[in-house]
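Heads up, the thing below is written out as structure tokens.
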2 protein chains.
Amino acid sequence: MTKSRGSLIVLSGFAGVGKGTVLKSLFETKEGYAYSVSATTRDPRPGEVDGVHYFFVTKERFEEMIAKEELLEHACYVGNYYGTPKAYVDKKLEEGFDVILEIEVQGALAIKEKVPEAVLIYMLPPSAEALKDRLTGRGTETEEVIMKRLKRACEEAKGAEQYDYIIVNDDADECALELNTLIRAQRLRAKSNLPFIRKIRNDLKHITEEGE
Amino acid sequence: MTKSRGSLIVLSGFAGVGKGTVLKSLFETKEGYAYSVSATTRDPRPGEVDGVHYFFVTKERFEEMIAKEELLEHACYVGNYYGTPKAYVDKKLEEGFDVILEIEVQGALAIKEKVPEAVLIYMLPPSAEALKDRLTGRGTETEEVIMKRLKRACEEAKGAEQYDYIIVNDDADECALELNTLIRAQRLRAKSNLPFIRKIRNDLKHITEEGE
């Protein structure tokens, strides 16, 4: 097979499920992955680099990106825009990277509508109790905040049913390996390999025509 | 996750691509797979066991199976019926086996229509030349027969585009491992895990309601 275009992977999951730790493990142990870089209108924080952590743009520029359909999805939080620039994702996919986009359910489903070949993966805890324990174990949140997060998780879980795959995070390193397997399997999708199928077909045609 | 229902895997590929060798390697090295057993009206050959190699049935019984929609697909070759009994496949899937059904393009697409969650995998040679070499290397076929097979492969290749995945058989053992990875990844499909997603959701609901 020729080196194929990468897959667009949209990863979602409850707050506290451990997406960050799993992705850290994945990026540290496996090659060929790229993060999607979001565009935002919020100010850079100390240490944040334009084009690495975010593409920092003005409100005018962001609204132009919306109007020109340069974004795969966008949302507004606390008065600032956040969005996924199509051009950057496309470039990385074309280079053969599997591009990981960490985003919530609404944005994920919006992307699936625009990019049907995007692969939506929802990360779940092994159980509801495990999620509660993990949030409690952090020791940084009040009982009230934890309950609010669990309630939100409960609402979000319905969206998971519309995803392509679910993945259970019991151990971060194992989950990263499973995620890698799942993402690599996407390279085998027939739709991603039409040029290869067609080449074999043409070559078979030539061989049999020569044989006549 | 609870032990889930297996996946129905439909495997196709050109004559000579090496499906048999790959499946032999898969079944010898991995657990949890079952072959689909076909029903047929042809007579048993010496050594063939009813219910193992085929379900041997009369023409009347076979036509009853068609009428009662007890078959996932069926076809007629050289005056005999061949078909895939739904009940047997269902039983094996329910027991948690991944069921492998080796069948040609027409039958595969018919199954996909009836069982949308079936996973269609097309096995391809690394190149058209490699397929020709493999057929020639057998030394059992005349040039004319080989050309006929290559021509048929060329026609069939178009169907491969409608499959879910393609898999390239360069080395049978490696291909079996890749096939195993691909099939196991299907266990993570969200649609196969709705009970697990719903259980977490319900448990989250109970936890947050108790917390109020």
Next item on the list: Treat each spin label as a single point 7 Å out from the Cα along the C-beta direction, and report the B:Thr58 to A:Thr142 distance in nm.
Entry: 8.0
Next item on the list: Rank B:Glu102, B:Glu63, B:Glu143 by mean-square fluctuation in a GNM of chain B with C-alpha springs under 10 angstrom and give only the top-ranked residue.
Entry: B:Glu143
Check: Based only on the alpha carbon positions, what is the Kirkwood hydrodynamic radius of region B:36-95, in angstrom?
Finding: 11.7
Check: Any idea how far the Cα center of region A:41-77 sits from the one of region A:109-124, in Å?
Finding: 21
Item checked: Histogram of C-alpha separations across the protein assembly as shown, 20 Å bin width, % -> 22, 49, 25, 5, 0
Next item on the list: Shortest first and in nm with one decimal, please list how far the A:Glu95 label point sits from its counterparts in the other copies (point 7 Å along Cα→Cβ).
Entry: 5.0
Margin query: For a quick check of your reading of the filter: which trypsin sites (Lys or Arg not before Pro) in region B:134-184 sit in a DSSP loop and have no more than 12 other Cβ atoms within 10 Å?
Written below: B:Arg138
Check: What are the nm distances, shortest first, from B:Pro116 to its equivalents in the other copies, labels at 7 Å along Cα→Cβ?
Finding: 1.2
Notebook entry, point to check: Given the rule -39500 (n - 2.57) for each run of at least 4 DSSP H residues, summed and divided by the residues of chain A, what is its mean residue ellipticity at 222 nm, to the nearest 500 deg cm²/dmol?
Noted result: -14500 deg cm²/dmol
Checklist line | Assigned charges on the beta-carbon of Lys, Arg, Asp, Glu; region A:36-95 dipole about Cα centre (debye) | finding: 160
Check: So how compact is chain A: Cα radius of gyration and Dmax in angstrom?
Finding: 20.2, 80
Next item on the list: Under a 10 Å cutoff between Cα atoms, tell me which one of B:Leu124, B:Leu188, B:Leu177 has the largest fluctuation in the Gaussian network model of chain B.
Entry: B:Leu188
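Take the Cα gyration tensor of region B:1-100, multiply each eigenvalue by 5, square-root it, and list the three semi-axes largest first, rounded to whole angstrom.
On the way: eigenvalues 119, 68, 31 Å².
They are 24, 18, 12 Å, listed largest first.
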Check: Residue by residue through region B:116-129, which ³J(HN,Hα) values in whole Hz follow from phi under the Karplus form 6.51 cos²θ - 1.76 cosθ + 1.60 (θ = phi - 60°), with glycine and proline marked x?
Finding: x, 7, 4, 10, 9, 10, 10, 8, 10, x, x, 7, 5, 4
Checklist line | chain B: relative contact order in percent, alpha carbon pairs under 8 Å with at least 6 residues between | finding: 32
Item checked: DSSP-defined antiparallel bridges as percent of all bridges, chain B, nearest 5 -> 25
Check: Whose Cβ in chain A comes nearest the axis that rotates A onto B, and by how many Å?
Finding: A:Ala185, 2
Note to self: Can you tell me which of A:Val145, A:Val22, A:Val89 moves the most in a GNM of chain A? Springs connect C-alpha atoms under 10 Å apart.
What the structure shows: A:Val145
Next item on the list: One decimal, nm, shortest first: give the distances between the label point of A:Arg198 and those of the same position in the other copies, each label point 7 Å from Cα along Cα→Cβ.
Entry: 4.3
Check: With labels modelled as points extended 7 Å from the Cα through the Cβ direction, what inter-label distance (nm, one decimal) is found for B:Arg45 paired with B:Arg198?
Finding: 4.7
Notebook entry, point to check: Between A:Glu31 and A:Arg152, how many nm apart are label points set 7 Å from Cα along the C-beta direction?
Noted result: 3.8
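Coordinate-derived values only; no laboratory data. The structure presented is a predicted model; accordingly, all values stated were derived computationally and were not measured. Backbone-built Cβ (ideal geometry, glycine too); neighbour counts: all protein chains shown.
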